[in-house]
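Everything below concerns the one structure shown next.
The values are calculated or read from the model by the stated rules, or taken from the named source; none is laboratory data. Keep in mind it's a predicted model, so treat the numbers as computed, not measured. With ideal geometry, Cβ positions are generated from the backbone for all residues, glycine too; neighbour counts draw on all protein chains shown. Note: areas computed on protein heavy atoms with side chains; ligands, DNA, RNA excluded. Shrake-Rupley method; radii C 1.70, N 1.55, O 1.52, S 1.80 Å.
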Amino acid sequence: MKDSDQQGKPNLAATSWALLGMLSYEYELSGYDIRKWIDWSMRFFYGSPAYSQIYSELKKLEQLGFVTSRVDSDGSPRSRRLYKITEEGMEAVTRWANDAPLDPPVLKHSPLLRVTLGHLTNPARLREILQEHLAYADEMHRSAAKDAKWAGADTTWAYARVALNWAERYYANERELTLKMIKELDEAEAEFPRVGDGGRTKVPWPAPEYWYEIEKKAEADDGAAPAATSDHA
C-alpha cells in the first residue's frame, strides 16, 4: 500500500516532488544527472540534497510506482542506473504542480542568527562572519547570473531561466543587505549595554514580564493605526 495522506494523495517530501518534476521531461536520468541539474538551478533557492538523499528519494518513488529504473552499462567499465517517470508518476506530479498548497518559504539565515545573538561574541567577530557571508552572496550572485545567461541557450529552459533570474536578483539584494548590516554593527555596539553597566553582573536582557508588556503596547499600537485606504475606493 502506498504512503498517502488523508485525501489519498501521495505523502511525499518536497525533494521527492522536485526529483519527480525533473524526470517529467522525456529523458531517462541518472542520480548524477539529477544532481547536476540541481547544481545548475535548484540550489539557488531550494538547497542541494546529498547524493544519499537523492537516491533514497528515488528508491521511494520507485516503490510507489512513480518511476522505473534500469541499469545501463553503456559500454563503459562502470554501469549506471537510469530513472524514468511512469504515467502514474506524471499524473501525480502534474496534480502536485497544479493543486498542492504552497508551503511558506523557510528562511534559515545562519549569519543573521549570529547577529541576533551578538552579545555572545563581539563586533569584530560579527564583521568577520558577515564578510564571509558577503563573499558567499557574491559567489552565488555570479553563479546564478552565469546559469541564467546560459539557460537562454535552449527554449525548453525558459521557465528555469525565470527562476534563475530571480536568484540573481535575490543574491544581489542579499549582498546589499549584508553591507547594510555591517554598517549597523557600529550603532548596535554603541547602544548595547554591557556587563558591569549600572551594576549588571550578567548579560543584560529584559525579564519575560517586560517582553509581554511591550507585546501589549505593540498590539495597542497596531489597533490605533489608521485603516489603509484604497486608491480605487
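Worth a mention:
- Any hit, segment 74-94, residues being in contact with a Pro (Cβ under 8 Å, 6 or more places away or on another chain) and either surrounded by 12 or more Cβ atoms within 10 Å (Cβ to Cβ) or free of Cβ contacts under 8 Å to residues at least 12 places away in the same chain (or both): yes
- The condition of being more than 18 Å from the chain's Cα centre (by Cα) and not charged (D, E, K, R) holds for only one of Val106, Val93, that being Val93.
- The residue list Ser56, Ser30, Ser52, Ser41 contains one member that is farther than 30 Å from Glu189 by Cα and at pLDDT below 90, which is Ser41.
- Of all residues in segment 108-121, those satisfying the criterion of being assigned to a loop (DSSP other than H, G, I, E, B) and either at pLDDT below 90 or open to solvent by less than 100 Å² (accessible area, probe 1.4 Å) (or both) are His109, Leu117, Thr121.
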